[in-house]
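Worksheet: one structure, shown below.
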Amino acid sequence: PLSSGTGATVSTATGDDVNQTAIPLGFTISYAGVNYTELGLNTNGLLWFDAIAPSAAEGAFNSRMYSTGGTNQSISAWWLNTTDDASSEILYQTQGAPGNQTFTVQYTNYPHYTGAVGTNIRLNYQVIFYEGSNVIEFHYGSKTVTGPPTISAGACIGIEYGSGGPGNFIDLVTGS
């Protein structure tokens, strides 16, 4: 796990539907045949390489993963309308020696948004990018449930590339 005490940076994206853009990876990664050196993230669990950041309304709707509209070149280990609070944070860090580095984004104790204070499922997950191999891994940690779980689920786990839409995304749950 990443920690700000061991060198990870705390994201400036806090609150509901908030983006942070132009985060340097510390190396170049090739994604869908294009080289990138930075990415963006938001409080809904979406990461992207595209120059177009999601609007506040768009960032909450993970159905955009399957469409040509909005942010493309996107990755999500858990894209859902989420909002952070005082006990959650997004961290990121580049680690390793040049030529063999990783860049990790970690959502820590992140609440699934239900609209009611104290009734959240809290998640811990990471997306790790590998220099050179361009491998992207999703790691999932523990979850906790506080209060009754919501019935408004439906997180998107996957990647989108190119212009998005049919034939340009992989849903990691179904493999479609």
By residue number, the members of the stretch 53-105 that are in a loop (DSSP other than H, G, I, E, B), at pLDDT below 75, open to solvent by 30 Å² or more (accessible area, probe 1.4 Å) and not small (Gly, Ala, Ser) are Phe61, Thr68
Scanning the stretch 12-52 for residues that are part of a loop (DSSP other than H, G, I, E, B) and open to solvent by less than 10 Å² (accessible area, probe 1.4 Å) gives Ala13, Thr43, Asn44, Gly45
Taking the stretch 124-168 and keeping residues modelled with pLDDT of 85 or more, among the aliphatic types (A, V, I, L, M) and either outside any loop (DSSP other than H, G, I, E, B) or farther than 21 Å from Phe27 by Cα (or both) leaves Val127, Ile128, Ile136, Ile159
**Report entry** Any hit, the stretch 12-27, residues being within 20 Å of Phe138 (Cα to Cα) and among the hydroxyl-bearing types (Ser, Thr, Tyr)
**Finding:** no
Residue pairs qualifying under the 6 Å Cβ cut-off, at least six apart or on distinct chains, with the first in the stretch 69-93 being among the acidic types (Asp, Glu) and the second being in a strand (DSSP E or B) and open to solvent by 10 Å² or more (accessible area, probe 1.4 Å), are Glu89/Val10; Glu89/Thr108
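The values are calculated or read from the model by the stated rules, or taken from the named source; none is laboratory data. The shown structure was predicted, so the numbers you read here are calculated from the model rather than taken from an experiment. Reconstructed Cβ throughout: ideal geometry from the backbone, glycine too, with neighbour counts over all protein chains shown. Side chains are part of the model used for accessible areas, which takes the heavy atoms of the whole protein and leaves out ligands, DNA and RNA. Shrake-Rupley method; radii C 1.70, N 1.55, O 1.52, S 1.80 Å.
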